[in-house]
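Read through the structure below, which is laid out as structure tokens, and then see the notes.
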Amino acid sequence: MKIQEADAKSLLLAQGLPVPSWTVARSPAEVGTAAETYFRAGAARVVVKAQVLVGGRGKAGGVKLAGSPQEAVEVGSRILGMDIKGITVRKVLVGAAVDIVKEYYLGAIIDRAARRITLMASAEGGVEIEEVARQNPGAIHRVSADPLLGLLPFQARSLGLAIGLRDPLLSSFVAIAQGLFAAMKANDADLVEVNPLVIASESGADGKTTQRLLCIDAKITLDDSGLSRHPKLEALRDLDEEDPTDAEARRLGINFIHLDGTIGCMVNGAGLAMTTMDLVKHYGGEPANFLDVGGGARHETVRGAMGLILADPNVNAILVNIFGGITRGDEVAEGLIEARAEQAREVPMVVRIVGTNAAEAAEMLRKANFVTAASLDEAAEQAVALSKGVAQ
Ligand code: GDP
Ligand code: MN
């Protein structure tokens with residue numbers, strides 16, 4: 001689950017990271033009110049940033065500076081309603097603009113092969129890290145944390161040294177890197193990224209300028225499987241931007257992942273779902289989705305799952321493969337019959353149901369004129385043929 005920059009910043013603040021304060025605004029008037037507050041507090045400029053769950057907002061024109069409350073309102077009204085990579089901007093972040101001396105990249109990811117959290121840093125900040133990885137991979141420095149010991153201070157320090165930081169900023173970097181690691185662990189995140197982490201120049205009341213590190217952007221992706229351990233984080237889900245299919249799958253309690261093929265698959269059990277997809281490919285077809293209805297699926301769930309499959313216009317054949325255990329064949333058959341009664345377009349379907357109450361299911365499907373198959377191989381082969389328009 002991706003969360004908005006403003007929410008990611010809250011999670012970083014909770015770990016003690018230096019994040020400049022911000023206000024979320026949903027209308028030009030709210031942008032103006034927020035901007036006035038920052039100008040009154042002494043800001044020379046404010047920054048207005050689109051809150052959308054995609055990267056590269058700056059390049060797309062979704063990050064702008066303004067020198068007065070009026071200008072902030074103008075900039076805000078331009079950004080609100082803007083389309084960034086297919087997403088309409090509904091809210092913006094407003095804050096005092098930072099005087100940037102230099103931009104760095106700092107991120108934490110899970111290195112699945114090493115089974116560790118890896119921290120990455122680069123002196124080439126502000127640009128997308130994938131771009132740096134392509135053009136200048138040597139500019140990305142990494143350390144990986146021991147799962148038991150955590151990120152040790154010397155590791156964080158070596159990372160800071162590698163990107164050219166020296167004390168007193170280096171000590172601050174060590175604390176930030178450790179805070180990033182802590183944010184990763186505390187929230188079961190998959191990714192925590194600060195890009196850019198900047199050296200900010202600030203002038204004090206005495207006219208002297210000082211430099212310090214600030215996190216001016218934040219991106220956090222939470223591990224969906226870890227969310228049950230953090231009920232409060234569920235509230236950060238941005239329903240404005242959630243794919244309606246994903247929302248419906250979550251409501252139904254099924255695992256659904258959209259793919260690019262043409263054969264809709266409905267299966268119970270993740271392993272069986274993968275096997276089914278393998279067989280579809282083996283017979284020359286392409287699965288349109290991964291769908292695990294779970295154990296003990298009721299007819300309503302099956303009906304809902306069929307709705308998700310049919311919502312994909314690329315689907316031109318459906319393969320149902322159920323291995324009944326806790327899941328009852330007759331319950332699945334009932335769901336399929338209900339789904340077909342309400343479906344808007346005709347899509348050929350092959351059904352294979354074995355296990356608990358398979359005989360009852362077979363009888364129900366026969367009466368309703370469904371195409372059934374006895375084995376998974378046969379079912380997959382038929383589904384591929386149907387998808388290619390070959391009559392069976
Ligand atoms: P992204 O493009 O979606 O990653 O959005 P960022 O928050 O990273 O902003 C993009 C760029 O805008 C940054 O790399 C900075 O160069 C610039 N920027 C963002 N906030 C400020 C700010 O407060 N002051 C200044 N001077 N530049 C900023
Ligand atoms: Mn950024």
Subject >> Residue count, the range 313-336 (criterion: farther than 23 Å from residue 378 by Cβ and either of a type in the set (A, V, I, L, M) or touching a strand residue (DSSP E or B) at 6+ places or on another chain (Cβ under 7 Å) (or both)) >> reply: 1
Subject >> Index of the failed condition, residue 6 passing every other in (1) touching a residue at least 60 places away in the same chain (Cβ under 8 Å); (2) assigned to a helix (DSSP H, G or I); (3) surrounded by 22 or more Cβ atoms within 10 Å (Cβ to Cβ) >> reply: (3)
Subject >> Qualifying residue in the range 121-129 (condition: surrounded by fewer than 21 Cβ atoms within 10 Å (Cβ to Cβ) and among the polar types (S, T, N, Q)) >> reply: no
Original post:
Considering the range 70-88 alone, what residues qualify as being assigned to a helix (DSSP H, G or I) and either within 12 Å of ligand 1 (Cβ to nearest atom) or buried (at least 20 other Cβ atoms within 10 Å of the Cβ) (or both)?
Top reply: 72, 73, 75, 76, 79
Original post:
List, please: which pairs have Cβ atoms under 8 Å, are six or more places apart or on different chains, and start with a residue in the range 273-284 that is over 15 Å from residue 255 (Cα atoms) and end with one that is exposed (fewer than 15 other Cβ atoms within 10 Å of the Cβ)?
Top reply: 279/377; 284/388
Original post:
When only residues in the range 27-65 that are touching a helix residue (DSSP H, G or I) at 6+ places or on another chain (Cβ under 6 Å) and of a type in the set (A, V, I, L, M) count, which is farthest from residue 207 (Cα to Cα)?
Top reply: 50
Original post:
Quick check: anything in the range 155-164 on the phi < 0 side of the Ramachandran plot, surrounded by 12 or more Cβ atoms within 10 Å (Cβ to Cβ), part of a helix (DSSP H, G or I) and among the polar types (S, T, N, Q)?
Top reply: yes
**OP:** Please work out if residue 91 is over 13 Å from residue 28 (Cβ atoms) and either surrounded by 19 or more Cβ atoms within 10 Å (Cβ to Cβ) or not β-branched (Val, Ile, Thr) (or both).
**Re:** no
**OP:** For residue 29, work out the one condition from (1) away from ligand 2 (no atom under 15 Å from the Cβ); (2) surrounded by fewer than 15 Cβ atoms within 10 Å (Cβ to Cβ); (3) in a loop (DSSP other than H, G, I, E, B) it doesn't fulfil.
**Re:** (3)
**OP:** Looking only at the range 207-230, decide whether some residue is buried (at least 17 other Cβ atoms within 10 Å of the Cβ), among the small types (Gly, Ala, Ser), within 16 Å of ligand 2 (Cβ to nearest atom) and in a loop (DSSP other than H, G, I, E, B).
**Re:** yes
**OP:** Working carefully through the options 54, 47, 24, find the one that is under 27 Å from residue 127 (Cα atoms), within 23 Å of the chain's Cα centre (by Cα) and within 9 Å of ligand 1 (Cβ to nearest atom).
**Re:** 54
Original post:
Is the range 166-185 home to any residue that is crowded, with 17+ Cβ neighbours inside 10 Å, modelled with pLDDT of 95 or more and not in a helix (DSSP H, G or I)?
Top reply: no
Original post:
Could you say whether any residue in the range 187-201 is assigned to a helix (DSSP H, G or I), more than 30 Å from residue 310 (Cβ to Cβ) and either modelled with pLDDT of 95 or more or touching a Cys at 6+ places or on another chain (Cβ under 6 Å) (or both)?
Top reply: no
**OP:** Determine whether the range 75-84 contains at least one residue that is under 25 Å from residue 236 (Cβ atoms) and hydroxyl-bearing (Ser, Thr, Tyr).
**Re:** no
**OP:** Give the number of residues within the range 231-240 that are surrounded by 16 or more Cβ atoms within 10 Å (Cβ to Cβ) and in a loop (DSSP other than H, G, I, E, B).
**Re:** 2
**OP:** Please list, ordered by first then second residue, the pairs with beta carbon atoms under 6 Å, 6 or more apart or interchain, first in the range 129-152 and touching a residue at least 24 places away in the same chain (Cβ under 8 Å), second assigned to a strand (DSSP E or B) and aromatic (Phe, Trp, Tyr).
**Re:** 129/105
Original post:
Quick check: anything in the range 34-50 at pLDDT 95 or above, surrounded by 20 or more Cβ atoms within 10 Å (Cβ to Cβ) and over 12 Å from residue 92 (Cβ atoms)?
Top reply: yes
**OP:** Within the range 89-105, work out how many residues are within 16 Å of ligand 2 (Cβ to nearest atom), in a strand (DSSP E or B) and not charged (D, E, K, R).
**Re:** 6
Original post:
Mind checking which residues of the range 339-390 are free of Cβ contacts under 8 Å to residues at least 40 places away in the same chain, assigned to a loop (DSSP other than H, G, I, E, B) and within 22 Å of residue 273 (Cα to Cα)?
Top reply: 348, 356, 357, 370, 373, 374, 375
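The values are calculated or read from the model by the stated rules, or taken from the named source; none is laboratory data. Being a predicted model, the structure only gives us computed values, none of them experimental. Positions of Cβ are generated from backbone atoms using ideal geometry, with glycine treated the same way; all protein chains shown enter the neighbour counts.
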